[in-house]
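Just so it is clear, none of the values below were taken in a lab; they were calculated from the coordinates. In this text the structure is predicted, and so the values were computed from the model without any measurement. Neighbour counts are summed over all protein chains in view; Cβ atoms, including those assigned to glycine, are modelled from backbone coordinates with ideal geometry.
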Amino acid sequence: MDRSVCQPGLVIACGGTGGHLFPGLAVAEEWSARGGRVLLLVSEKKIDQEASRKYDKFRFETIPALPKPATFSPKMLPFVWNVLRTIGQCKEILKDFGADAVLGMGGFTSLPPVVAAKRMGLPAFVHDSNALPGKANRVTSRWCSEVFVGLEAARKHFPGVKTVVTGTPVRDELRSLPTREDAAKEWGLDPAKPTILVMGGSQGARKLNSIVAEAFGAGAEHADLPQVLHIAGPGDEERVRSEAGGREGYRVVGFCDQMPAAYAVADAVVARSGASSMTELAFLELPSVLVPFPYAADDHQTVNARVFHDAGAAYLETESELTSEELIERVGEMLEPGRRSDMVAATRRLAVPDAAAAICDAVGTTIGFEGTKKGEGGAEASA
Ligand SMILES: CC(=O)N[C@H]1[C@@H](OP(=O)(O)OP(=O)(O)OC[C@H]2O[C@@H](n3ccc(=O)[nH]c3=O)[C@H](O)[C@@H]2O)O[C@H](CO)[C@@H](O)[C@@H]1O
């Protein structure tokens, strides 16, 4: 293709999980608003394919999700073979698109496009949103010109690579929420009543779901329970609905594709401590009880949650020790006006609203593209 007539093309590898996908989409929105072209590399997973339909203003290509097996597992050989084959596939995609740079948003799915870029002489970047970066990004960073991190704590894990703290990007739809009244109507809730949002990350959270249902569902014996909007995850929706027992003011959804309306109705949140979810809580100034997923690699969700806990923005609870009584107590504290406003002030100090812009600035500087920044009359998405 003739690149001379085109605006700079950025390939963003963001497949596999919501925590990579949504920040990737946020960068795509910023880059295309500046007049650049975007191609998103995602996996065959449902969450990625649904996003490609919703965000059809962008070009998407599907590459295999590459979960790394244990080092001495017999699955290691096929994994390495798949990585090599996907590097070849990525080279073709990058050539066809006329890529000028590649950005990986994390996971081993980011590795092949980054290596392909390097082999083609293109600058490559990776973003890590966690306080304790994943192994995939630490490996991938060897081929990168620069590493972007969401939190200062992650910096020290990338020795020998230029590392910039950009924050984690938040997608545009979360920048203009519906009113509380409209959102409450959408969920069939009362806007005048205190409401908590429960979310287990893009993959759900079975045990946490049960603790919440026991604490706030139909069997709960406490008076003055808050309303609950419970995002149970696609595989756990029916079970949670039956455990919560259809209490008035308790709504259960599987996967939520209306996050703006979910956040708009919430006074406080009970959540896993995935980095993108936490970024959104800070951006939207929502206090939370964070319950890390206990089996996350290297227990990185606990390290994430500690950042918010130490800043006074969240309670940190260990799932194996958390009881429904304790959860009721924590939620009650969070909703108490004085405590809530202290926690809200703390979330505000953690928020980084212009992370996507910081990433686009850095990539643009490397490839000599400035474009017109959002809010300065930038073009509408034109991928
Ligand atoms: C189990 C595990 O290892 N999870 C990791 C995964 O989390 P996971 O994919 O769960 O990601 P996060 O919690 O970081 O983000 C979830 C994203 O999905 C969106 N959302 C969620 C639920 C829903 O129904 N609808 C919806 O749109 C949220 O708005 C958010 O943007 O990647 C993150 C980023 O590397 C890590 O920090 C997490 O530790």
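Among 27, 205, 90, whose Cα sits farthest toward the positive end of the charge dipole of the chain (+1 at Cβ of Lys/Arg, -1 at Cβ of Asp/Glu, about the Cα centre)? Checking the options against the dipole of the chain, the answer is 90.
Taking 0.36 nm per residue of separation and subtracting the Cα-Cα distance, full extension of the segment from residue 135 to residue 319 would add 63.8 nm. Quick one: if the Förster radius is 41 Å, what FRET efficiency do residue 173 and residue 248 give, using the C-beta to C-beta distance and rounding to 0.05? After rounding to 0.05, the efficiency reads 0.90. Site pair residue 192 and residue 333 shows an inter-label distance of 3.0 nm when each label is modelled 7 Å from Cα along Cα→Cβ. Between residue 270 and 197, 198, 199, 289, the built amide H atoms are under 5 Å apart, and every one of these is 5 or more places off in sequence or on another chain. Per residue of the chain, the DSSP helices (runs of n ≥ 4 H) give a summed -39500 (n - 2.57) that works out to -12000 deg cm²/dmol at 222 nm. Working from label points 7 Å from Cα in the Cα-to-Cβ sense, the residue 326 to residue 79 distance is 3.3 nm.
One chain, two ends: residue 142 and residue 59. Fully extended at 0.36 nm per residue, the span grows by 27.1 nm beyond their Cα-Cα distance. Charges were assigned to the Cβ only: +1 to each Lys and Arg, -1 to each Asp and Glu. The resulting dipole of segment 175-350 about its Cα centre is roughly 440 debye. Taking 0.36 nm per residue of separation and subtracting the current Cα-Cα distance, fully stretching the chain between residue 222 and residue 297 would add 23.3 nm. The charge dipole of the chain, taken about its Cα centre with unit charges on the Cβ atoms of Lys, Arg (+1), Asp and Glu (-1) only, comes to about 1660 debye. Plainly put, the chain has a radius of gyration that is 0.98 times its Kirkwood radius, both from alpha-carbon atoms, as the Rg/Rh ratio. I'd like to know which of 289, 360, 160 lies farthest towards the positive end of the charge dipole of the chain, counting +1 on Cβ of Lys and Arg and -1 on Cβ of Asp and Glu. Farthest towards the positive pole: 160.
Going 7 Å from the Cα of residue 161 along its beta-carbon direction, which residues of segment 89-118 have the amide nitrogen within less than 16 Å of the resulting point? Answer for segment 89-118: 102-118. Beyond 29 Å, how much of the Cα-Cα pair distribution for segment 175-350 remains, as a whole percent? The proportion of pairs with Cα distances above 29 Å equals 10 percent. Exceedance of the 23 Å cut-off in Cα-Cα distance is limited, within the set 57/118; 95/118; 45/68; 46/156; 75/95; 135/162, to 57/118; 46/156; 75/95.
Taking 7 Å steps out from each Cα toward its Cβ at residue 372 and residue 345 produces label points 4.1 nm apart. Annotation: amide H of residue 228 within the under-5 Å range of 196, 250, 251, sequence separation 5 or more or interchain, hydrogens built in the peptide plane.
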